Amino acid sequence: EITSLLSLYGGQFSGEQEIHVNSPFWILNIPSEETARGLMKRTVCAKSIFELWGHGRSVGELYASLKNYPMDKMLPYLQADSTYKVHIHTFNKTLTQAQKIKKIDALEFLPFKGKVNLKNPEHSFWILEDYGMDPNNVPEEPFHLYFGRWVHGQRELIESYSVKKRHFIGNTSMDACLSFIMANHGRVKPNDVVYDPFVGTGGLLISSAHFGAYVCGTDIDYNTIHGLGKASRKNQKWRGPDENIRANLRQYGLEKYYLDALVSDSSRPIWRKGMLFDAIITDPPYGIREATRRTGSQKETVKSAERSTENHIFVSSNYHLSDIFFDLLKFAAEYLVMGGRLVYWLPIYRPEYTEEIIPRHPCLKLISNCEQMLSSHTSRRLITMEKVKEFKDQDQNSYLLDGQYMPYRGHNSFREKYFSGVTKRIAKEEKDNQK
């Protein structure tokens, strides 16, 4: 998420520090404080951002680094008419209050001229100490120490968009935190057009609209698109007259960004040819809590769905999981603008997972592959891809196999055998957990 936002706002990881993925502290080179604040208003993975004044692997190194920091950059925040507070944050270790006070007093060489205000300071300074990742082997002294001026923090976004408070929800409505992470991976920005081909109750549209993008989606489920049928909320039997995607965006003051949601089969695109979307952000159904379906023909084994109040009946057939991902990548390759991003979730059975399982397309470059563990054996991976090549007719039915792009021959491919097993194993594990 941070890497995507840096590419959107400007900045990069510092070359001075080896980046440990699991480290709670990262050093970034960001061109301005305004850029840093813009980044923090969007991220849900970072807690706070600081202007770094000093860094070291020991107390002595930290103090030496602070003494070398340019005085002209310090003085505006240390004036006599200002107020300040010094915080201490330790990762993987708890300090006593006496230990904290001792560390704060040791900073007396810094030219603080203002008054201390513990409740509402004008400027906040932080000592950050990293004691590693192993709770069973905590060192006496930290591996890294940092001192900096607090610039901005942001944790309210997730709470204000909580699914628990949302007007219209479904069985698999996306968690607000993950929804914003996906929008950030997609580098959604104002005036983009963002599309979700498995829109459901529209949870992923909300985060994109919050960032100023115009949003639309499609879904094969007529009742969900029109807000009809049985409710998913506890102690509510039927959906109300105004439970729909538009009402959700209206709830957050985002209705002006809502284009529309259509009843459509994602395996049969309804759009005119051409690059239409800046980002495609979606959570395809896995066939566990939400059925994988596509429109069928009279020759296929069909099933009649419940009649809606509009007397709408559709027929559907099974939609194999590998076909879902193949169709999704093919659609993204054709309809994304150059540089546009596809962001989606891929279910995984961890003991059998390999990198080659990830679907590929010659027009799309894999940007990131992030795991969200669901249990010891199952997880899902957030896949982010970027369009890097113009879509041609010869790319219509291509997928990657053994390092080469081959014609896709339907759901009997090696991936379907894997994904059908994934679905069965995850379903069994959920059933066992319920028991």
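The values are calculated or read from the model by the stated rules, or taken from the named source; none is laboratory data. Here the structure is a predicted model, which means the values were calculated and not measured. Note: ideal-geometry Cβ built from the backbone for every residue, glycine included; neighbour counts use all protein chains shown. Each accessible area value is taken on the protein alone, full model and side chains, heavy atoms only, with ligands, DNA and RNA left out. Shrake-Rupley method; radii C 1.70, N 1.55, O 1.52, S 1.80 Å.
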Checklist outcome for this item: Cα gyration tensor of region 1-153 diagonalised, 5x eigenvalues square-rooted, in angstrom largest first, produces semi-axes 24, 22, 15
Checklist entry - Per the Kirkwood treatment, what hydrodynamic radius in Å, one decimal, follows for region 331-370 from the mean inverse distance over all distinct Cα pairs? => result 11.8 Å
Checklist entry - Of all the accessible heavy-atom surface of region 1-153, with the other protein chains kept in place and a 1.4 Å probe, what percent is carbon and sulfur? => result 51 percent
Next on the checklist: Suppose every Lys and Arg Cβ carries +1 and every Asp and Glu Cβ carries -1, with no other charges. What dipole size does region 1-153 come out with about its Cα centre, to the nearest 20 debye?
Outcome noted: 520 debye
Next on the checklist: As an exercise, find the ratio Rg/Rh for region 140-199 from alpha-carbon atoms, using the Kirkwood inverse-distance average for Rh.
Outcome noted: 1.15
Checklist entry - For region 1-157, with every protein chain kept in place, what is the accessible area per residue (1.4 Å probe, Å²)? => result 59 Å²
Checklist outcome for this item: With x for Gly and Pro, the residue-by-residue ³J(HN,Hα) of region 351-363, computed from phi through the Karplus equation 6.51 cos²θ - 1.76 cosθ + 1.60 at θ = phi - 60° and given in whole Hz, is x, 10, 6, 9, 4, 5, 5, 5, x, 10, 8, x, 8
Checklist entry - With each label point set 7 Å from Cα along the Cα-Cβ vector, what nm distance links Asn120 and Arg272? => result 5.7 nm
Item to check | Loop-located trypsin sites (Lys or Arg not before Pro) in region 141-209, at most 14 other Cβ atoms within 10 Å (DSSP) | outcome: Arg155
Checklist outcome for this item: Protection proxy (average C-beta count within 10 Å per residue), highest first, orders 212-221, 110-119, 245-254, 61-70 as 212-221, 245-254, 61-70, 110-119
Item to check | Antiparallel bridges, percent of DSSP beta bridges restricted to region 1-153 (to nearest 5) | outcome: 60 percent
